Amino acid sequence: MKIDTHQHFWRYDPVAYPWIPDGSALQRDWLPADLAPCLAAAGLDGCVAVQARQTLEESRWLLALADKHPFIAGVVGWVDLCREAVAGDLAELSGHPRFRGVRHVVQDEPDDRFLIRPDFMRGISLLREFGLTYDLLVFPRQLPAAIELVRRFPEQSFVLDHIAKPPIKQGVLSPWREWIRELAQAPNVMCKLSGLVTEADHARWRPSDFGPYLDVVMEAFGPDRLMYGSDWPVCLLAASYAAQHGIVAAEISRRGLADQVLARNACRFYGLG
């Protein structure tokens, strides 16, 4: 299967999704019927739905959507990994065959070293028991903590979302580049080629803006540890599904990596198909 490993669904509520910009196209419901034609047009067979708010209710809702829509091949949900009784939540959710991983919106945490808090790491230590992956959602300044985390848990499977959101709009590479190279030295970490357009100038980006950043992650992680993700519908702030897909598709096709990045790596990491 060719997979979009990173997209979201929601029924819009301004209280539940306070991060959604006022006046944007995101202020409406975005559901499987909206995504299906985008996947088909891009030649993709399925997707991984990723949490967009931090509630168990949403994780259960995404799994219910997966039950109704077979193209939702996997779900990365949320649990409170800092909660002492989190094992019960993990046991419940992992009982569903499409619950494949967990994510926390670490980018919004004021503590740049949140990832290595003892209570959070205790939760991370339980994931492997349930066969679950962990999605790293961080800003560049939080990469040092991410590097420490993945080294402490060498048997846990991690994937970096949105290439850690580098300042593409400003055209700045350091220190993001150096931290990415250090993170990639951990063989238990993969990287999603996702979230690019939203870090660029939304109105004036050009495909060439992304080349230096894609070069860094593709060299650092290598062909066997890269996956494609759209970050739809968030990508609509800056580009259509087709336009953002085209940026990654052109790069991986030029390097002869389309099958690995779109299919094999994603299926292996998330245990799909």
What percent does the relative contact order of the chain come to when contacts are Cα pairs within less than 8 Å and at least six residues apart? 19
Counting only helical runs of four or more DSSP H residues, what would the 222 nm mean residue ellipticity of the chain come to if each run contributes -39,500 (n - 2.57) and the total is spread over all its residues? -10000 deg cm²/dmol
The stretch 1-101: which GluC sites (Glu not before Pro) are DSSP loop and have at most 10 other beta-carbon atoms within 10 angstrom? Glu84
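Tell me, Cys38, Cys191, Cys47, Cys82 in order of fewest to most beta-carbon neighbours within 10 Å? Write out the running numbers ahead of the final one.
Values: Cys38 19, Cys191 26, Cys47 30, Cys82 15.
Fewest to most other Cβ atoms nearby, the residues stand as Cys82, Cys38, Cys191, Cys47.
So how many Lys-Lys pairs in the chain land under 22 Å Cα to Cα, not counting same-chain pairs under 8 apart? Present the calculation step by step, with values, prior to reporting the outcome.
Details: Lys2/Lys68; Lys2/Lys192; Lys165/Lys192; Lys169/Lys192.
Taking the chain as the scope, the lysine pair count is 4.
By count of other Cβ within 10 Å, fewest leading, how are Lys192, Lys169, Lys68, Lys2 ordered?
On the way: Lys192 29, Lys169 14, Lys68 8, Lys2 18.
Ranked by crowding around the Cβ, least crowded first: Lys68, Lys169, Lys2, Lys192.
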Of Trp78, Asn265, Val106, which is farthest on the positive side of the dipole of the chain, counting Cα position, with +1 on Lys and Arg Cβ, -1 on Asp and Glu Cβ, and the Cα centre as origin? Asn265
Ranked on Cβ counts within 10 Å of their own Cβ, fewest leading, Ile163, Ile147 go Ile147, Ile163
In the neighbourhood of Asp112 defined by beta carbon distances under 15 Å, the net charge of the other residues (Lys, Arg +1; Asp, Glu -1) is 0
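Have a look at the DSSP beta bridges in the chain and tell me what percent are antiparallel, nearest 5. Please report the intermediate quantities before stating the final value.
Working: 1 of 25 bridges.
If we restrict to bridges inside the chain, about 5 percent are antiparallel.
How high is the relative contact order of the stretch 148-273? Use alpha-carbon pairs under 8 Å, at least six apart in sequence, and give a whole percent. If you can, show how the numbers build up before the last one.
Details: 161 pairs, mean separation 31.4, N = 126.
Over the stretch 148-273, the number comes to 25 percent.
Mind pulling up the Rg/Rh value for the stretch 3-270? Radius of gyration and Kirkwood radius, both on Cα. Intermediate values should be presented prior to the final figure.
Details: Rg = 17.2 Å, Rh = 18.5 Å.
My calculation of the ratio gives 0.93.
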Distance from a point 7 Å along Cα→Cβ of Arg11 to each backbone N in the stretch 59-103: keep the residues under 11 Å and list them by number. 61
Going by Cα centres, the stretch 1-62 and the stretch 112-184 are how many Å apart? 23
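Read the figures in this text as sums done on the coordinates, not as results from a lab. Owing to the predicted nature of the structure, the values given are computational and were not obtained by experimental measurement. In this analysis, Cβ positions are derived from the backbone assuming ideal geometry, glycine residues included, and neighbour counts consider all displayed protein chains.
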